[in-house]
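Peer 1: Dumping the structure here so I can ask a few things about it.
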Amino acid sequence: MLQVVIRDYEAKDFKDIVEIDAEAFSNRNPVYDAYVYITFGSDLIVADIGGKVVGYIALLDYGRDVKIISFAVKREFRGRGIGSKLLKTAIDRCKQRGRDRILLEVRVSNEVAQRLYKKNGFEIIDVIPNYYNDGEDAYLMVLNLREQ
Ligand SMILES: CC(C)(COP(=O)(O)OP(=O)(O)OC[C@H]1O[C@@H](n2cnc3c(N)ncnc32)[C@H](O)[C@@H]1OP(=O)(O)O)[C@@H](O)C(=O)NCCC(=O)NCCS
């Protein structure tokens, strides 16, 4: 069985991140998105199988709060626990840094992601109307690290 290594982004991963982003999200410019995660994000944690990146989670660290700005796993590798590993690594990192909360937005229709977030302690705290380009609303979810 191929081993999944969770590690920080390296420059050679750029193409893989673009590919995963393009597949996971519609109505977006994946090259620009990958550039944003690398340039403006604080952390880009990747899941590597045999030197190929198959998933990533991108964070923006505001100091007390951290935002998950993107999170995706290549379709053919979903449902094998890779998303959970990436999310848990991100949560542990934020705890180690002494952050208060992790925030994220998720499409109201994205039940798979919401279930994963809830399983890891996130709660829905608000609805943001028309958040996405296609008019769909977002749930604002939060994990309070001080209560952990
Ligand atoms: C959300 C996402 C990153 C999860 O990655 P993953 O590697 O599949 O995650 P896991 O394998 O750890 O699975 C998480 C849970 O989702 C479930 N799941 C995964 N794929 C599923 C599917 N296609 N249908 C139903 N459930 C699914 C798993 O069974 C698991 O639940 P369980 O722990 O109760 O069994 C992945 O589905 C994805 O890339 N989705 C598209 C992009 C996206 O929506 N990102 C989040 C934006 S906020």
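Only the coordinates and a few stated rules stand behind these numbers; no lab work does. Note that this is a predicted model, so its numbers are computed, not measured. Positions of Cβ are backbone-derived with ideal geometry, glycine not excepted, and every protein chain shown enters the neighbour counts.
Peer 1: If you take the residues in segment 90-115 that are more than 9 Å from the ligand (Cβ to nearest atom), surrounded by 16 or more Cβ atoms within 10 Å (Cβ to Cβ) and part of a helix (DSSP H, G or I), which one is nearest to the chain's Cα centre (by Cα)?
Peer 2: 90
Peer 1: Working only within segment 116-133, note down all residues that are surrounded by fewer than 13 Cβ atoms within 10 Å (Cβ to Cβ) and near the ligand (Cβ under 8 Å from one of its atoms).
Peer 2: 119
So that you can scan it fast, the table gives a plain yes or no per residue for (1) crowded, with 16+ Cβ neighbours inside 10 Å; (2) under 12 Å from the mean Cα position of the chain (by Cα); (3) within 12 Å of the ligand (Cβ to nearest atom):
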residue: 13; (1), (2), (3): yes, no, no
residue: 24; (1), (2), (3): yes, yes, yes
residue: 30; (1), (2), (3): yes, no, no
residue: 35; (1), (2), (3): no, no, no
residue: 43; (1), (2), (3): yes, yes, no
residue: 50; (1), (2), (3): no, no, no
residue: 54; (1), (2), (3): yes, no, yes
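Peer 1: Using the structure shown, decide if residue 7 is touching a residue at least 40 places away in the same chain (Cβ under 8 Å), surrounded by 14 or more Cβ atoms within 10 Å (Cβ to Cβ) and away from the ligand (no atom under 15 Å from the Cβ).
Peer 2: no
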